[in-house]
Amino acid sequence: MTRKGDVDEDKRATLRRFAALGAASPFARFGDSGSESDAPDAIAGYVSAHPGTHFSKLRDDLKLGTGEAQHHLHRLENEDIVASQKDGDYRRYFPADQFSEFEQVALGYLRRSTARGMLVTLLRRPDVTASELATELDVSRPTVSNYAGDLESAGLLSREDGYAVTEPETVLTLLIRYADSFDDDVAELAGEADSLLRYDP
């Protein structure tokens with residue numbers, strides 16, 4: 001049986017780990033908040049390592065309560081350490097003043113497994129068809145079509161002649177830079193970076 005003390009210690013260890021990451025981040029501008037909690041630094045560190053994360057993911061990974069996470073995020077936004085933007089039903093968080101609007105939108109979609117899978121597959125195989133995408137990702141053709149429409153509306157995908165990532169080097173750079181915060185498929189993609197960075201659609 002898990003005891004409350006074990007849970008609290010686990011939470012403290014998680015916060016300390018991300019607080020250390022936050023302190024090492026060149027984009028972090030905190031430390032004078034007057035808080036004795038590790039939570040603000042941990043949130044800043046987590047957002048720095050997982051840009052585009054949404055509230056529930058951040059809260060759960062850092063083992064914070066909803067009110068606690070909201071309080072610290074609000075404060076960090078007021079101090080221009082963290083910025084956020086609405087993305088459908090989600091609110092996504094980024095280090096302040098680090099990403100362009102396009103990069104923020106791209107990171108938001110890269111945090112969605114199906115959209116990320118489509119973009120990763122298209123970066124690897126620019127001539128892949130919708131049917132092949134559906135098979136590769138184990139989803140239906142209508143699902144691929146729906147996501148393709150969303151990605152096109154967001155400016156990440158062109159459907160003029162098949163499917164094509166609109167700014168492939170930018171998307172690939174984001175995937176490689178934050179590969180550890182995605183899945184194993186992105187980690188494999190990072191290993192192919194030398195050839196893919198020369199990708200010319």
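The values are calculated or read from the model by the stated rules, or taken from the named source; none is laboratory data. Model, not experiment: these values are computed from the prediction. Ideal geometry is used to build each Cβ from the backbone, glycine not excepted, and the neighbour counts take in all protein chains shown. Note: areas computed on protein heavy atoms with side chains; ligands, DNA, RNA excluded. Shrake-Rupley method; radii C 1.70, N 1.55, O 1.52, S 1.80 Å.
Before moving on, here are some points about what is shown:
- Among the GluC sites (Glu not before Pro) in region 117-168, those located in a DSSP loop and surrounded by at most 11 other Cβ atoms within 10 Å of their own Cβ are Glu160.
- Calculated accessible area for region 88-151 comes out at 46 Å² per residue, all protein chains present (probe 1.4 Å; ligands, DNA, RNA ignored).
- The charge dipole of region 123-175, taken about its Cα centre with unit charges on the Cβ of Lys, Arg, Asp and Glu (plus for the first two, minus for the last two), comes to roughly 100 debye.
- Across the accessible surface of region 25-183, with the other protein chains kept in place and a 1.4 Å probe, carbon and sulfur atoms take up 40 percent.
- Centre separation in Å (Cα based) which lies between region 104-145 and region 39-95: 26 Å
- Label separation (Arg91 vs Arg177): 2.4 nm, computed from points 7 Å beyond Cα along the C-beta direction.
- Calculated FRET efficiency for the pair Glu9/Arg159, C-beta based, R₀ 35 Å, to 0.05: 0.10
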